[in-house]
Protein chains: 2
Amino acid sequence: MIFAAIILAEAAGIHDGKYVCQTQSYGPEARGGASKAEVVISDEEIDYPKAIKPDILVAMNQKSCDAYFYDLKPTGMLIVDSTFVKQLPTTRSVAIPFTRIAREKLGKELGANIMALGALAVFSGAVSLSSLEAAVVSRSEKGTEEFNRKALELGIELAGNTLKSDAEADNYEDPSDE
Amino acid sequence: MIFAAIILAEAAGIHDGKYVCQTQSYGPEARGGASKAEVVISDEEIDYPKAIKPDILVAMNQKSCDAYFYDLKPTGMLIVDSTFVKQLPTTRSVAIPFTRIAREKLGKELGANIMALGALAVFSGAVSLSSLEAAVVSRSEKGTEEFNRKALELGIELAGNTLKSDAEADNYEDPSDE
């Protein structure tokens, strides 16, 4: 997720010209995980570079969902990878099986983080999608640009589908869930 | 330098078990540059995740040296890549031509950031060299592990040579400087 966070930060900071701080925490500082990535995006100077009450939390596994859910703003949005997060702490959440879809549609689980980034961008509106695509391409290792761009577009599409049907938004069912 | 900062953070946080925050700033937040990477390492919980008065500043070019030198703690140490930094704002500095040496000894300028990281580790003592090597290897793209490990060792060696000769420490002369 550090890779996804850096892309988001570059898109908003370098391409969109926003004030951006992007933080990683490691060791005991990360609480409940080996590491944690945060991005603060603002139109003004940033007082405190960490996300104290995030507007959006993306949890790719149950452990990070459990550890960080209570930091989320009460009106905030939780996005989870329902491939691994089975217990949702709130109905105010969007559950998309990023890893499973990456495996099926991209042939590699590796794309799940960039897919989640695409979904986050749609739900947050914090960054322009064109800037995000530019940052994805410029940050990708040679030979992985097209894979990452596809993953981003797939994530944007999945989020769009979820938005289209408000009724399903809080309850994305995964028919093939084992 | 983001790559070098993440390696330092992982080495101290995950391998050494310290509290670590690693920050990138982008856009206007970065002042005088496109981006800026910071690492705070502590034995205790970290109050403020950015380096307000850094103990060590590594400046790889003149612009970042000029922009960030005044943030440095009065007793802090400035490490510069003298391939590009020609005007030193203080005599309390270590000038090593990382990029030139990377080009000559590693065959690629790309190793300069990891060399600077090795030097920083020696001068700061903030991280164990074995943890740093482990983090370099685990974070390197497949096929680049050996190159990055060599770059790290070269940086450590250069810093060691500088330390050995205190008289030369503040005034590393670059004989072939054009």
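The values are calculated or read from the model by the stated rules, or taken from the named source; none is laboratory data. From a predicted model like this one, the values you see are computed outputs, not experimental measurements. For neighbour counting, all protein chains shown are included, and Cβ atoms are generated from backbone atoms with ideal geometry for every residue, glycine included. Heads up: the accessible areas ignore ligands, DNA and RNA and are worked out on the full protein's heavy atoms, side chains in. Shrake-Rupley method; radii C 1.70, N 1.55, O 1.52, S 1.80 Å.
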**OP:** From (1) under 18 Å from B:I2 (Cα atoms); (2) modelled with pLDDT of 95 or more, pick out the condition that doesn't hold for B:E157.
**Re:** (1)
Subject >> Per-region count, segment A:37-48, residues part of a loop (DSSP other than H, G, I, E, B) and open to solvent by 40 Å² or more (accessible area, probe 1.4 Å) >> reply: 5
Original post:
Which condition number in (1) within 14 Å of chain A (Cβ to nearest Cβ); (2) closer than 25 Å to A:A135 by Cβ; (3) within 18 Å of the chain's Cα centre (by Cα) is the one that B:E29 fails?
Top reply: (3)
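Matching residues to (1) among the acidic types (D, E); (2) more than 15 Å from the chain's Cα centre (by Cα); (3) open to solvent by 30 Å² or more (accessible area, probe 1.4 Å):
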site	(1), (2), (3)
B:L57	no, no, no
B:K63	no, yes, yes
B:D66	yes, yes, yes
B:P74	no, yes, yes
B:K86	no, yes, yes
B:P97	no, no, no
Original post:
Of everything in segment B:1-26 that's open to solvent by less than 20 Å² (accessible area, probe 1.4 Å) and assigned to a strand (DSSP E or B), which residue is nearest to the other protein chains (Cβ to nearest Cβ)?
Top reply: B:Y26
**OP:** Go through (1) small (G, A, S); (2) open to solvent by less than 50 Å² (accessible area, probe 1.4 Å); (3) free of Cβ contacts under 8 Å to residues at least 60 places away in the same chain; (4) at the interface with chain A (Cβ under 9 Å from one of its Cβ atoms) one by one and return the number of the condition B:A34 breaks.
**Re:** (2)
**OP:** Of all residues in segment B:136-150, count the ones that are within 19 Å of B:G107 (Cα to Cα) and within 11 Å of another protein chain (Cβ to nearest Cβ).
**Re:** 4
Subject >> Test: B:R103 is open to solvent by 70 Å² or more (accessible area, probe 1.4 Å), on the phi > 0 side of the Ramachandran plot and either away from chain A (no Cβ under 11 Å) or charged (D, E, K, R) (or both) >> reply: no
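Taking the conditions exactly as written (facing chain B (nearest Cβ under 10 Å), out of contact with any Phe, Trp or Tyr (no Cβ under 6 Å at 6 or more places or on another chain) and more than 19 Å from A:N148 (Cβ to Cβ)), does A:P49 satisfy them or not?
yes
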Original post:
Somewhere in segment A:73-93, is a residue under 29 Å from B:S131 (Cα atoms) and more than 14 Å from every other protein chain (Cβ to nearest Cβ)?
Top reply: no
